[in-house]
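Below: the structure, in structure tokens.
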Amino acid sequence: MHQVRHILTKELKDYFLSPIAYIVIAVYLVVTGWLFFSAFFVFGQADLRNFFNLLPFTFAFVIPAVTMRLFAEELNTGSYETLLTLPVTPGAIILGKFLAGVVFTAALLAPTIAYPIVISLMGALDWGPVIGGYVGALLLGAAFTAVGLFASTLTRNQIIAFIVGALVCFFLAVLDKMLFFFPQGLVGVVGYLGAEVHFQNVAKGIIDSRDVIYFLSVAFIGLYGAHLVLESKE
Amino acid sequence: MIAVENLTKYYDGFCAVDGIGFTMAGGEILGLLGPNGAGKTTTLRMLTGYLRPTSGTIRVKDLDMEADPVAIKRLMGYLPESAPLYPGMLVYDYLSYVANLRGLRGAAREGRIRELVALCSLWDIMAKPIGDLSKGLKQRVGLAHAMMSDPEILILDEPTSGLDPNQIVEIRDIIRRIGREKTIILSTHILSEAEATCDRIVIINKGRIVADDRTENLKRTAGQEHHIHLRLCHAAPDAVRERLAALEGVLRVEIAAPEGDGSLPLKLVCRGDRDRREDIYREIRATDWILTELYQRSRDLETVFRELTKES
């Protein structure tokens, strides 16, 4: 397991020693901050519902941009060969890179904690949904990171990895709103597959095992798919 | 040390490696030789556990590649062709990352890095990003990477390709220095390199082994035959064959089709123990054939290689 730790540390260094991490975080904060606060003063309500409503859609684009390089870059430069012929299992590599993506997502969210703090100074803020929202955001981030990581194993081209990852994440995020396209019989099943409903449940402050299991299953399927893809390259 | 049996690899129906098998004792330097696209890299990638063979077995010591890939990888150091390392990392960071993944800790890690820096002369570049290095320097970092855990087996894929002559000599020196106690497999398409560094040469072509012998044996068999090329006019092929094949020391007569001007090019394969040109000349003088050309080519490793691997 300490190999997972070394891979995680190396990937985090790659993120934070280059300017890309700070650019992504800055752009993310500017865009979400603007989208959130431009409506905030119109409604005049002391909550973060608007911020969390947008989160599945902003994550659907930001997270694949963060994860696109994880494998595509290594496959492109060939360094994956040097890595895999060291005594490490593909599982440890996938897990290390996945955790690095999750940590990055957490780093992306961390500065937004300033929002609830500022809002709580302006009015009576209910902290329950805020905490739920952040827990949900981490679960959602983990699920999307796994999807993006899976997309990154498919190709040597980071742009393709980003587009595929963003498409799948966006599809999961909007699925709830597209239910009217599906026949009546399928609505229940397809409705369960959408990420937004599960996220909004958690963001209300209700942490239900069904929602948690949903996010963990998406993450597991993504990582397992990545494992299968890497194995098929052998 | 290493036993490979019937190793085969198909890529989408294309057979890259076709039933390769060999065994290796410890402390040997084996050169895997072949033209480009012969299956050298694929073979090495299977030996290092990067690719899974379509069929066949690889055993290292008592370990089976299918069952214990990680245990085998622990015994091996591998440098892929053109050393694909992380271009953004500093040399020191990279080496300590590899050391960490190899399970070296604290003082042992720093000590080992220092040894490798001395062995591969990396002092001046420790704080440079790998992407900024020249090809030769990068190759040296790659060698340090491969030798990190002081592995018993070292596998190098074209370690000198793309280097200038000075760098080639440097890399060969390092290989020879470490080859005294290690088992090394290196692939190359440069004959003189295999001749200079390897104890044993395996030549592969189109995924099959076409020769496998100790370097000095290969050189000796190569020298055992002389090729004498002749060109005759006014000669009937059958009569030529009968007469020259009867000569003592002539192993084979190869006659090509007569050319437009009526001359007949042919090749005699003779035993290499002494010069046969005089005998041949006397024999021809006794006939009414006109001799227009006679020259001898002694067979060296290069001719053996060309004969074994030429397209046909």
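The values are calculated or read from the model by the stated rules, or taken from the named source; none is laboratory data. In this text the structure is predicted, and so the values were computed from the model without any measurement. With ideal geometry, Cβ positions are generated from the backbone for all residues, glycine too; neighbour counts draw on all protein chains shown. The area values use the complete protein model at the heavy-atom level, side chains included, leaving out ligands, DNA and RNA. Shrake-Rupley method; radii C 1.70, N 1.55, O 1.52, S 1.80 Å.
Here are a few things to note about the model shown:
- In the set (1) surrounded by fewer than 20 Cβ atoms within 10 Å (Cβ to Cβ); (2) away from every other protein chain (no Cβ under 14 Å); (3) assigned to a helix (DSSP H, G or I), residue A:76 fails one condition alone, (2).
- Of the candidates A:64, A:56, the single residue that is farther than 21 Å from residue A:202 by Cβ, modelled with pLDDT of 90 or more and either within 22 Å of the chain's Cα centre (by Cα) or more than 14 Å from chain B (Cβ to nearest Cβ) (or both) is A:64.
- Restricting the range A:1-27 to residues that are among the aromatic types (Phe, Trp, Tyr) and within 14 Å of another protein chain (Cβ to nearest Cβ), the residue that is surrounded by the fewest Cβ atoms within 10 Å (Cβ to Cβ): A:16
- Verdict on residue A:230 being surrounded by 13 or more Cβ atoms within 10 Å (Cβ to Cβ) and within 14 Å of chain B (Cβ to nearest Cβ): yes
- Options A:164, A:229, A:218, A:189: the member that is more than 19 Å from the chain's Cα centre (by Cα) and at pLDDT 90 or above: A:229
- Close pairs (6 angstrom Cβ cut-off, 6 or more residues apart or separate chains): touching a residue at least 40 places away in the same chain (Cβ under 8 Å) in the range A:181-197, open to solvent by less than 60 Å² (accessible area, probe 1.4 Å) and of a type in the set (Asp, Glu) anywhere: A:196/A:176
- Residue in the range A:38-48 that is in contact (Cβ under 8 Å) with a residue 40 or more places away in the chain and of a type in the set (A, V, I, L, M) present: yes
- Listed by position, the helices (runs of 4 or more DSSP H) inside the range A:148-234 whose residues that are closer than 30 Å to residue A:78 by Cβ number at least 3 are A:158-174, A:209-232.
- Residue A:55 hydrophobic (A, V, I, L, M, F, W, C), over 23 Å from residue A:157 (Cβ atoms) and not in a helix (DSSP H, G or I): no
- Index of the failed condition, residue B:30 passing every other in (1) over 30 Å from residue B:203 (Cβ atoms); (2) more than 10 Å from chain A (Cβ to nearest Cβ); (3) modelled with pLDDT of 90 or more: (1)
- Verdict on residue A:100 being away from every other protein chain (no Cβ under 14 Å) and either buried (at least 22 other Cβ atoms within 10 Å of the Cβ) or within 30 Å of residue A:27 (Cβ to Cβ) (or both): no
- Hits in the range B:57-102 - residues which are modelled with pLDDT of 90 or more, more than 8 Å from chain A (Cβ to nearest Cβ), open to solvent by 30 Å² or more (accessible area, probe 1.4 Å) and over 21 Å from residue B:26 (Cβ atoms): B:90, B:92
- The sole residue among A:46, A:106, A:39 that is small (Gly, Ala, Ser) and closer than 28 Å to residue A:220 by Cβ is A:106.
- Here residue A:30 does not fit the description of being within 16 Å of the chain's Cα centre (by Cα) and away from chain B (no Cβ under 14 Å).
- Verdict on residue B:39 being more than 12 Å from chain A (Cβ to nearest Cβ), touching a Gly at 6+ places or on another chain (Cβ under 6 Å) and crowded, with 17+ Cβ neighbours inside 10 Å: yes
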